[in-house]
Structure formats: C-alpha cells, structure tokens
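*Asks:* First the structure, which I've put down as structure tokens, then a few questions once you've had a look.
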Amino acid sequence: MSGYIKYKRGYQTDELQRKYPNAFLLLAQIARRARRTNEPNAEGLSIGEAEIGDYKLAGIKKEQPYRTAKKILERLGLVTFRGTNKGTIAKLISTDIYDINAEPTNEQVNEQTTDNERTDV
C-alpha cells in the first residue's frame, strides 16, 4: 500500500503529543496503516480503517498503556475501535491531526445541498 498522509501541526497535535505520547504514537500507526481506497482487500476494511494490536511496533512497551491510549483517542473523537475474531480494527473519524488523503469514491451523494425551496420559474 502506498500514498501520503498529511500531518497537521497545531495546538491539538501539540497537546496530544505532550500530554499523551502513547496515544500520539498509536494514532500515527493507525494513520499510516489506514486504507485510502475502497479497493477490495482480504481483510474487508473500508476507507480509514486499519488493523491494529501489535502495540510494540507503535513504540508502546506494555499492553496497559496501549489500552489507555485507545481510550484517549476514542474520548477525543479521533478514532473508533471494534473488535473482531482476528483482532482490533481502528477507524479514523477525524482529520484534525492526520489526514490519510483518502481517494474520493464514486458513490452518489443524496444529501440536500440547501435549506431553501426551489423557486418557480
């Protein structure tokens, strides 16, 4: 898998890195692994999703700090997690710190673009 991720500098990024370094490391791992496209894959992952669980590769030495980091990322609204029989799937739900530069899908948007009614001609 290739592509770029955007790392955004700013107050929220600085606070996360300073106050919760393990959460910052885990978020970086998730952003790096997250799928950018909806191309078929053996894991069945969608855009923004990544398999995680090998916390030592993220730079976290023990399991308890890893669990705490997951809770912090969820509480801050950056990531959601779901367990599967093969491990944990993380989904990036915010681009405040990392933007995975996802490729746009070809899905049709069925949202109303305005609150105003159409005018009669």
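The values are calculated or read from the model by the stated rules, or taken from the named source; none is laboratory data. These numbers were taken from a predicted model, which means no experiment stands behind them. Positions of Cβ are backbone-derived with ideal geometry, glycine not excepted, and every protein chain shown enters the neighbour counts. Accessible surface areas use protein heavy atoms only, side chains included; no ligands, DNA or RNA. Shrake-Rupley method; radii C 1.70, N 1.55, O 1.52, S 1.80 Å.
*Asks:* Just give me the residues in segment 30-47 being surrounded by fewer than 20 Cβ atoms within 10 Å (Cβ to Cβ) and either of a type outside the set (D, E) or in a helix (DSSP H, G or I) (or both), in sequence order.
*Replies:* Residues of segment 30-47 surrounded by fewer than 20 Cβ atoms within 10 Å (Cβ to Cβ): 32-33, 36-47.
Selection gives R32, R33, R36, T37, N38, P40, N41, A42, G44, L45, S46, I47.
*Asks:* For segment 11-29, indicate whether the set of residues that are among the hydroxyl-bearing types (S, T, Y), surrounded by fewer than 14 Cβ atoms within 10 Å (Cβ to Cβ) and at pLDDT below 90 is non-empty. Show your work before the answer.
*Replies:* Let us first name the residues in segment 11-29 that are among the hydroxyl-bearing types (S, T, Y), namely 11, 13, 20.
Right, trim to surrounded by fewer than 14 Cβ atoms within 10 Å (Cβ to Cβ) and you get 11.
Cutting the leftovers down to at pLDDT below 90 gives us none.
Checking segment 11-29: not a single residue is among the hydroxyl-bearing types (S, T, Y), surrounded by fewer than 14 Cβ atoms within 10 Å (Cβ to Cβ) and at pLDDT below 90.
*Asks:* Also: Return the residue satisfying two criteria in turn: it lies in segment 59-81 and is open to solvent by 20 Å² or more (accessible area, probe 1.4 Å) and assigned to a loop (DSSP other than H, G, I, E, B), and of such residues it is nearest to A28 (Cα to Cα). Let's see the steps before the verdict.
*Replies:* In the first step, residues of segment 59-81 are kept if they are open to solvent by 20 Å² or more (accessible area, probe 1.4 Å); the result is 59, 61-65, 67-68, 70-71, 74-77, 80-81.
Narrowing the set further to residues that are assigned to a loop (DSSP other than H, G, I, E, B) leaves 59, 61-62, 76-77.
Details: G59: 10, K61: 16, K62: 17, L76: 15, G77: 15 Å.
So, considering only residues that are open to solvent by 20 Å² or more (accessible area, probe 1.4 Å) and assigned to a loop (DSSP other than H, G, I, E, B), the one nearest to A28 (Cα to Cα) is G59.
*Asks:* For segment 1-34, how many residues are charged (D, E, K, R) and closer than 14 Å to V79 by Cβ?
*Replies:* Initially, segment 1-34 is screened for residues charged (D, E, K, R), giving 6, 8-9, 14-15, 18-19, 32-33.
With closer than 14 Å to V79 by Cβ added as a condition, the list becomes 32-33.
The number of residues fulfilling the criteria is 2.
*Asks:* It is to be established whether one or more residues within segment 49-58 are assigned to a loop (DSSP other than H, G, I, E, B) and at pLDDT below 90.
*Replies:* First pass over segment 49-58, keeping only residues assigned to a loop (DSSP other than H, G, I, E, B): 53-54.
Going one step further and asking which of them are at pLDDT below 90, we end up with 53-54.
Checked against the condition, which is being assigned to a loop (DSSP other than H, G, I, E, B) and at pLDDT below 90, segment 49-58 yields at least one hit.
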